[in-house]
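J.: Supplied in structure tokens, the structure appears directly below.
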Amino acid sequence: MNDSKKAEKYFKKSLSIFPEGDIALENLGTLYLDQNDIKDASIIYSIFTQNYPEQPKAYLGLAKTEYQDKIYEAALYHSILAINYFKDSQTSELTETNKLIKLIYANMKKNGQLTTFMEIAKENNFNFPADKI
């Protein structure tokens, strides 16, 4: 739990045996995010979304990397996808995604991109502010 190098080694070993391993992909992406290795986290979460196109945690992870890279439009799009796939029972993940969308909104507002924010939300049938947030 406290040895990230060892954890990374085991996650990679698992993926060498089973490249589509959802748990290993999720954990390796999270590990990279925790280490602020945005580039590798983004790669892992992209693979995760390709292998599991209805897995909300994959989209949330990808949105987090895009937010860190200040690619707010993509982060918003992937956050909306995550919300659409999360079940109501996954409240902690929904809460986390909603907080991210609020941060994206604040940054896009600060950058004069509210029109773009609202266009992306509208194109994806997401009402902001919404009852989901």
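We did not get these values from a lab; they are worked out from the coordinates using the rules stated. The structure displayed is predicted, hence computed values, not measured ones. Neighbour counts are summed over all protein chains in view; Cβ atoms, including those assigned to glycine, are modelled from backbone coordinates with ideal geometry.
J.: Projected onto the charge dipole of the chain (+1 at Lys/Arg Cβ, -1 at Asp/Glu Cβ, origin at the Cα centre), which of LEU114, ASN36, TYR72 gives the Cα projection farthest towards the positive end?
T.: ASN36
J.: Given a cut-off of under 8 Å on Cα pairs at least six residues apart, what relative contact order in percent is computed for the stretch 51-117? Each step should come with its number before you reach the end.
T.: Details: 59 pairs, mean separation 20.8, N = 67.
Relative contact order comes out at 31 percent.
J.: Quick one: putting +1 on the C-beta of Lys and Arg, -1 on the C-beta of Asp and Glu, what dipole do you get for the stretch 4-123 around its Cα centre, in Debye to the nearest 20?
T.: 380
J.: Which whole-Hz ³J(HN,Hα) couplings does the stretch 12-27 yield from phi under the Karplus relation 6.51 cos²θ - 1.76 cosθ + 1.60, θ = phi - 60°, glycine and proline marked x?
T.: Per-residue couplings from phi come out as 5, 4, 4, 5, 5, 7, 9, x, 8, x, 5, 5, 5, 4, 4, 5 Hz.
J.: Can I ask one more? LYS110 versus SER92, label points 7 Å from Cα toward the beta carbon: distance in nm?
T.: 2.8
J.: Now for a different question. With an 8 Å cut-off on Cα pairs and a minimum separation of 6 or more residues, tell me the relative contact order of the stretch 4-123 in percent.
T.: Here the relative contact order equals 17 percent.
J.: What residue among SER14, SER46, SER79 shows peak mean-square fluctuation when the chain is described by a Gaussian network model with Cα springs under 10 Å?
T.: Looking only at SER14, SER46, SER79, the biggest GNM fluctuation is shown by SER14.
J.: Along the Cα-to-Cβ line of GLN68, 7 Å from the Cα, sits a label point; which residues in the stretch 1-35 have backbone N less than 11 Å from it?
T.: 29-35
J.: When a footprinting reagent is the concern and you count Cβ atoms within 10 Å, what order do THR65, THR116, THR91, THR30 take, fewest first?
T.: Numbers: THR65 25, THR116 14, THR91 10, THR30 18.
In order of increasing Cβ crowding within 10 Å: THR91, THR116, THR30, THR65.
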